[in-house]
Amino acid sequence: MMDAPPLLAMHRIGKSFPGVRALDGVDFDLRAGEVHVLLGENGAGKSTLMKILSGAYRPDEGTIHLAGEPQRIASPQHAQALGISTIYQEFNLVPHLPVSANISLGREPRHAGFLLDRRAMRKKAETALRELEVAIDPDSPISALGVAEQQMVEVAKALSLDARILVMDEPTSALTETEIANLFAIVRRLRDRGVGVVYISHRMEEIFEIGDRVTVLRDGRHVATRELGTVTVRELVRDMADRELTEHFPRETVEPGAPLLEVRGLTTRTKLRDVSFALRRGEILGLAGLLGSGRTELARALFGADPLQDGEVRVHGRPCRFRSPREAIQAGIALLPEDRRQLGLVLPLSIKRNVSLPNTHRVYPRGLLRKTEERRLAEECVTGLRVKTPHIEQATANLSGGNQQKVVLGKWLARQSDIFIFDEPTRGIDIGAKVEIYRLMNRLTREGAGILMISSEMPEVLGMSDRVLVMREGRLVGEFNRANATQEAVLGAALGTTP
Amino acid sequence: MNWKNLILHHGRQLGTLAGLLLLCLALTIATPYFLTVSNLLTVLEQVSINAIVAVGMTVVIITAGIDLSVGSILAFAGVVMATVLQREVPVPLAIGIGLAVGLGCGLTNGLLITLGRLPPFIATLGMMSIARGGALLFTNGRPVSGFSDGFRALATSQFLFIPMPTVIMLVVYLACHFLLTRTRFGLYAYAMGGNEQATHLSGINVRRHKTLVYGLCGLTSAIAAVILTARLNSAQPIAGMMYELDAIAATVIGGASLMGGQGTLIGTLIGALLMGVLRNGLNLLEVSSFLQQVIIGTVIIVAVLVDMGLKAQKK
């Protein structure tokens, strides 16, 4: 046993957001000179925990000790001063500034208090880069560097801050094999110098290669902390997935009818590779996969928001090639996007006007507003979907997440669409509203619609889907029916650990 | 409509209106020349040109854009129309050509912004210079003066004792208010300004409608050009300098947000009147024109500060 207190000890950390308990009494500790992997499904609480560590969020409860000293981390600047550096998936680099300026940003060496000391800046960058043994020109602008090099600059920046704790969030997601090997060599060097590294990743092979210990989170709770030398992949997958299906999923299955949407060999320039499937009337087709597996890209491609490179889409048996969402909507497709506030609603506008937006052929016949029809559609949405609001003139910005989602759904119900793409339909929605959304999905399938449901919540995928498709790295890698879709099987396919 | 609804939905305009009435009250007390029929009609006539330019500007600002070229388009459309008028072309046709020039410049702005993906500030900054240069080239820098009485009647005649420019202004406001509140074009303008991506994903052809919005702005500038030319009996290639700033000021005082998604023509009309009354009052009080600029700038800033304060309080 070690006598010295650990570098970091987070004890019984709790954090709630409206409608969601993101973290519930989580313990996490980090020793000097170890790589501690943080593992869990999307939404398990990994990012929230790390945002608390890096000062971006304040915990509601719990304590944080750094080297035995209790600390309240007040802000990202404070975290940095305490020696905690975080490298997010989206880098915090200024593209047009040179590497040296980025490394010193906010702590520029100066002459006489205000003149930039460019030589010192350059020297600092050179030292940090040399320590990493990477050949990057400190004068090169960030925008001229590749992703892997930018990552190295982030690491160099963290080093120049004298970081004792380094948090890396999915650092390899955009790197090639050789770049990953280089990164790992650097991580090991940092570890050997006594830096504690928190490493967030989904990739099983990597975890075993780089990690010393692993902590698994699930639903905002701490499940287990294990030594990576002794644990097996199977055990880890079970830690991540195993839970009782206590939440309520009122799925009523409907005898599936004719195919509504048939996709063959769908490929896009950016992500999708040879995706084929069919969606039938009365069916909920679950689409599982990790963040970045290509699910949202599939939804956008089907909806005509991103161009196809290759492949065939048939709607009601007719081949279609949508060049814009407008054409997809006319064919009967509706998209409920993942990010309701950015993509689903025009927040400053009222419920009434948001519902009118895709229904102008009804609200503005011959180009002129029919107020009665406008009001009727909005009232139908509010009463039919039980949107909690004082009136239909309410700006959608003022609604709760669940009610916003209902308004997005209401837009498409009024359009009488029959192919619904739900992207994370219940993210950030409280449990009561969730069940209501599930009931509405039942109603849609009963009325003959088909639903493609993208979800990162495993219980939701298993509880509501008639069939489950699994995506990984832009491809469909598994298909399960209600009988053989288990958490372990689906998660295993998503992680790529199934034989 | 009951009072509660009126205050709920039009609180911002009522606030500006209250400011306007207070200003009128103060001027009535301060000078005997303000509250006379002839003076008020003069104010309405003077305001009409800025108010019409501000119509197009309001619609553009609702879509979260900006149009810096309105003054230059006004000058360019004016000199083209004036030149055609002097060739003995029928008046309606000459006016039609002038309006087409404005519309064309506006649509060009729109295409540069939608197809060319230029920021509105840059595209219209370029057009500001191009249209101004065009007006100077077209006339060799000289004004084009002297028109038939028929054409000048557009500015000098009256309708029910109301000066014709004011009548035209009211017609433009009514038509565009209708466009904004009763047609899908209006709905799309607010939607694009509020959230362009969500609007696109709702199946709306954002490019087409945004292009049309800039076209409309060019058109209203050209309408203002017709009135100005008739009023001065002369079209000047240097007309309309700084008009973009007056139009933006009227729009913003009227409650539109430069962030987009908000704004009404009723508010803009009140904003334009407020600025007109203020100028008129300061003239009547014989305040120097140098000090007037300081006062008007202050009013713009105070109006927006008060508005932001009220909005923050609401949240």
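Values quoted throughout were computed directly from the atomic coordinates according to the rules given, and no laboratory measurement underlies them. Predicted model, so just to flag it, every value in this text is computed and none were measured. Please note: Cβ atoms are built from the backbone with ideal geometry, for glycine as well, and neighbour counts cover all protein chains shown.
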Quiz item: Tell me, B:Tyr33, B:Tyr173, B:Tyr188 in order of fewest to most beta-carbon neighbours within 10 Å?
Solution: B:Tyr33, B:Tyr173, B:Tyr188
Quiz item: How far, in nm, would the chain grow between A:Arg118 and A:Asp24 when pulled straight, counting 0.36 nm per residue and subtracting the alpha carbon separation?
Solution: 29.1 nm
Quiz item: Which Cα, out of B:Gln197, A:Val214, B:Leu258, lies furthest along the positive dipole direction of the protein assembly as shown (beta carbon charges, K/R +1, D/E -1)?
Solution: B:Leu258
Quiz item: Can you list the equivalent-ellipsoid semi-axes of segment A:380-499, largest first and in whole Å, using the square root of 5 times each Cα gyration tensor eigenvalue?
Solution: 31, 15, 12
Quiz item: Relative to the Cα centre, what is the charge dipole magnitude of the protein assembly as shown, using +1 at the beta carbon of each Lys and Arg, -1 at the beta carbon of each Asp and Glu, and rounding to the nearest 20 debye?
Solution: 2160
Quiz item: Can you give the relative contact order of segment B:187-277 as a percent, counting alpha carbon pairs under 8 Å and 6+ residues apart?
Solution: 28
Quiz item: Residues of segment A:356-397 with amide nitrogen under 15 Å from the 7 Å Cα-to-Cβ point of B:Thr183?
Solution: A:364-370
Quiz item: Could you list log10 I(q)/I(0) for segment A:151-285 at q = 0.10, 0.11, 0.13, 0.22 Å⁻¹, which the Debye formula gives when each Cα is one point scatterer?
Solution: -0.58, -0.67, -0.83, -1.27
Self-check item: Relative contact order (percent, whole number), chain B, Cα cutoff 8 Å, 6+ residue spacing
Solution: 34
Quiz item: Under the Kirkwood approximation applied to all pairs of distinct alpha-carbon atoms, what is the hydrodynamic radius of segment A:259-495 in Å?
Solution: 18.1
Exercise. Identify the trypsin sites (Lys or Arg not before Pro) of segment A:248-291 meeting these criteria: DSSP loop state and at most 12 other C-beta atoms within 10 Å of the C-beta.
Key: A:Arg269
Quiz item: Hey, fewest Cβ within 10 Å first, where do A:Ser324, B:Ser157 land in order?
Solution: B:Ser157, A:Ser324
Practice problem: Nearest 5 is fine: what % of DSSP beta bridges in the protein assembly as shown come out antiparallel, could you say? | Solution: 60
Practice problem: Would you mind computing Rg(Cα) / (2.2 N^0.38 Å) for chain A, counting N as its residues? | Solution: 1.08
Practice problem: May I ask which residue of A:His316, A:Asn354, B:Ser38 lies farthest towards the positive end of the charge dipole of the protein assembly as shown, with charges of +1 (Lys, Arg) and -1 (Asp, Glu) on Cβ and the Cα centre as origin? | Solution: B:Ser38
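Can you tell me the FRET efficiency between A:Thr232 and A:Asn92 if r is taken as the Cβ-Cβ distance and R0 is 56 Å, rounded to the nearest 0.05?
My answer for the efficiency is 0.95.
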Practice problem: Using only the alpha-carbon atoms of segment A:8-241, report the extent along each of the three principal axes, biggest first, to the nearest angstrom. | Solution: 53, 38, 32
Quiz item: Taking Cα atoms, how many degrees apart are the long axis of helix A:401-414 and the longest axis of chain A, rounded to 10 and kept between 0 and 90?
Solution: 40
Quiz item: With axes computed from alpha carbons, what is the tilt in degrees of helix A:147-160 against the longest principal axis of chain A, rounded to the nearest 10 within 0 to 90?
Solution: 50
Quiz item: Which GluC sites (Glu not before Pro) from segment A:16-106 combine a DSSP loop assignment with at most 11 other Cβ atoms within 10 Å?
Solution: A:Glu90
Practice problem: Working from the alpha-carbon coordinates of segment A:8-81, get Rg over Rh, Rh being the Kirkwood radius. | Solution: 0.95
Quiz item: Which shape class applies to segment B:11-314: rounded if a/c is under 1.5, otherwise prolate when a/b exceeds b/c and oblate if not, where a ≥ b ≥ c are the square roots of the Cα gyration tensor eigenvalues?
Solution: oblate
Practice problem: Scan around A:Leu287 for amide H atoms under 5 Å from its own, H built in the peptide plane at 1.01 Å from N, and keep only partners 5 or more places away or cross-chain. | Solution: A:Met453, A:Ile454, A:Ser455, A:Leu469
